[in-house]
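Here is the structure we will look at.
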Amino acid sequence: MSGNSHIPSSEITPEATFLNRRFFMKSSIWAGSTLATAGLYNAFTPSSEVKDIGTAIVTIKEPSMETVLAADEKVNTFKEIASYNNFYEFSTDKSSVALAAIGFVTDPWSVQVGGLVQKPRTFDLSDLHKIESVERTYRFRCVEGWSMVIPWVGFPLSRLLSMVEPMSSATHVAFETYYDIKQMPNSDSAGFDLPYVEGLRLDEAMHPLTLMATGLYGKTLPNQNGAPIRLVVPWKYGFKSIKSVVKITLTDKEPPTTWNIANAREYGFYSNVNPAVSHPRWTQANERRIGEGARRETLMFNGYAEQVAHLYKGMDLEKYF
Ligand SMILES: Nc1nc2c(c(=O)[nH]1)N[C@H]1C(S)=C(S)[C@@H](COP(=O)(O)O)O[C@H]1N2
Ligand SMILES: [Mo]
C-alpha cells in the first residue's frame, strides 16, 4: 500500500503553492522542519506562502541548484504526471500503468546499498525517511519526445552514498528495480530482460542535481511514478531515471543498462539530453510538453548545461551518446 499515511495532511502542499514557488525549495517533508546541513546551502528564505499553509517548514533557496524555468514554463498538474507513465513492468500503454500498478506493495521496502563501499547497508523505509529531503522542480524529458515539469520531493543521491562511504576504487553506480512477476503483470511482455537496471558514473551520481525521489507535489510518490523511491537525473533522458529501486551497487566498471542491452544502436550509456544528437526514430531537437500545443525546442542537457556540462568536457558527445 502506498498512500500518504506518514505525511500529516497539514504538510501536503496544494498545487497552486508550487506554481508560485518555483524558485524555492522546501526542506524535508518527512523530517518536518529540520533544516538542511549548512555548507550545502547558503541562504534560507522563510516564505510567506509557507506560513499560509500552516506548517513550520522553511523554504531553502539554493542559488546554484535552482531550477530556473522560463517564464512561459508551467509545472505539470499532478494528474498529468500520475496518469501518463512509462513503467514497462506494469504496462507498455502509458495511460494504463497507473491502474496496473494500483496494488503494487511498496511498504515494507528495502534498498540494499553495497559493492565498493566501506559501510554496506540495507535501508528500510524509515531509514530513507530520515534522510533530509528537498523539493526540486525539474524538467523531465523522455527520449520518445514528450516532456513535463515535475515538482519532486526527494534527497540528493550524494547524501545516501556518503552514508555508505564509497571506496576510492569506485567509479560507477549501478541501480536495480524491484522485480516480481506476480506483482508486475507485464513482466513477460516488457520487451527486455528484467529486472530493469541502470547506471551512472560516480561523479554524475554525486552531482547535487541527482535525486532519489520519494514524492511529488508534496505527496508520497504514486506507484506508477516509481514508488517508494526512484532515481531522477534531470539532464538525461527519462529512461535513466529508474523506478522502484531495491539495489544500489558501487562498482569500478560501467554498469549494464536495460535500454542499451535492448538496443545499443539507439540507446547509449550516457543518454544526456542533446538536441544535436539525433535518435533513429525520434527527433531530439524539439519536444511535446504534455499539456501544451506547440512543440518546444529541446535544450542542451535539458536546460542544465550550466550545472553539468563540465562533467563531459572534452568528450565527443556523438560517440558517447
Ligand atoms: N523500472 C523501470 N523504470 C523506468 C521505466 C521502466 O519501464 N521501468 N521507464 C523509464 C522511462 S522510459 C521514463 S520516460 C520514465 C517515466 O517516468 P514517469 O512515468 O514518472 O514520468 O521512467 C523510466 N524508469
Ligand atoms: Mo522514456
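Quick check: is even one residue across region 201-213 touching a residue at least 12 places away in the same chain (Cβ under 8 Å), near ligand 1 (Cβ under 9 Å from one of its atoms) and crowded, with 22+ Cβ neighbours inside 10 Å? Checked against the condition, which is being touching a residue at least 12 places away in the same chain (Cβ under 8 Å), near ligand 1 (Cβ under 9 Å from one of its atoms) and crowded, with 22+ Cβ neighbours inside 10 Å, region 201-213 yields at least one hit. Counting residues in region 280-289 that are under 19 Å from W152 (Cα atoms) and within 16 Å of ligand 2 (Cβ to nearest atom) gives one or more. Taking each residue of region 125-147 that is closer than 23 Å to I81 by Cα and within 16 Å of ligand 1 (Cβ to nearest atom) and looking for partners that are modelled with pLDDT of 95 or more and assigned to a helix (DSSP H, G or I) with beta-carbon atoms closer than 7 Å, six or more apart or interchain, yields R139/N302; R139/G303; F140/G238; R141/G238; R141/N302; C142/G238; V143/G238; V143/F239. Any residue at all in region 231-252 that's away from ligand 1 (no atom under 13 Å from the Cβ), loosely packed, with under 14 Cβ neighbours inside 10 Å and not hydrophobic (A, V, I, L, M, F, W, C)? Yes, that holds for at least one residue.
Residues satisfying the criterion are absent from region 160-169 (criterion: modelled with pLDDT under 95 and over 24 Å from G303 (Cβ atoms)). The set of residues in region 161-196 that are under 23 Å from V105 (Cβ atoms), of a type in the set (A, V, I, L, M) and surrounded by fewer than 22 Cβ atoms within 10 Å (Cβ to Cβ) comprises I181, A190, L194.
Could you go through region 144-153 and let me know if any residue there is within 28 Å of G103 (Cα to Cα), of a type in the set (S, T, Y) and touching a Gly at 6+ places or on another chain (Cβ under 8 Å).
No, the conditions are met nowhere in region 144-153.
Against the conditions (1) part of a loop (DSSP other than H, G, I, E, B); (2) within 19 Å of F140 (Cβ to Cβ); (3) in contact with a strand residue (DSSP E or B) (Cβ under 8 Å, 6 or more places away or on another chain), N302 satisfies every one except (1). A Cβ distance below 8 Å, combined with a sequence gap of six or more or placement on separate chains, defines the contacts here; from region 263-283, residues that are more than 18 Å from R139 (Cα to Cα) reach residues that are of a type in the set (V, I, T) and part of a loop (DSSP other than H, G, I, E, B) in the pairs Y267/V143; Y267/T257; F269/T257; H279/V143; W282/V143. When region 124-136 is filtered for residues that are buried (at least 20 other Cβ atoms within 10 Å of the Cβ) and modelled with pLDDT under 95, the ones remaining, listed by number, are S133, V134, E135, R136.
Quick check on G103: is it away from ligand 2 (no atom under 16 Å from the Cβ) and at positive phi?
It is false that G103 is away from ligand 2 (no atom under 16 Å from the Cβ) and at positive phi.
One residue alone among K247, K219, K319 is within 15 Å of the chain's Cα centre (by Cα), of a type in the set (K, R) and away from ligand 2 (no atom under 16 Å from the Cβ), and that residue is K219. Considering K119, K94, the condition of being basic (K, R), assigned to a loop (DSSP other than H, G, I, E, B) and within 12 Å of ligand 1 (Cβ to nearest atom) is satisfied by K94 alone.
The values are calculated or read from the model by the stated rules, or taken from the named source; none is laboratory data. Only a predicted model underlies this, so the values are computations on that prediction, with no experimental measurement involved. Note that we place each Cβ from the backbone using ideal geometry, even for glycine, and neighbour counts take in every protein chain shown.
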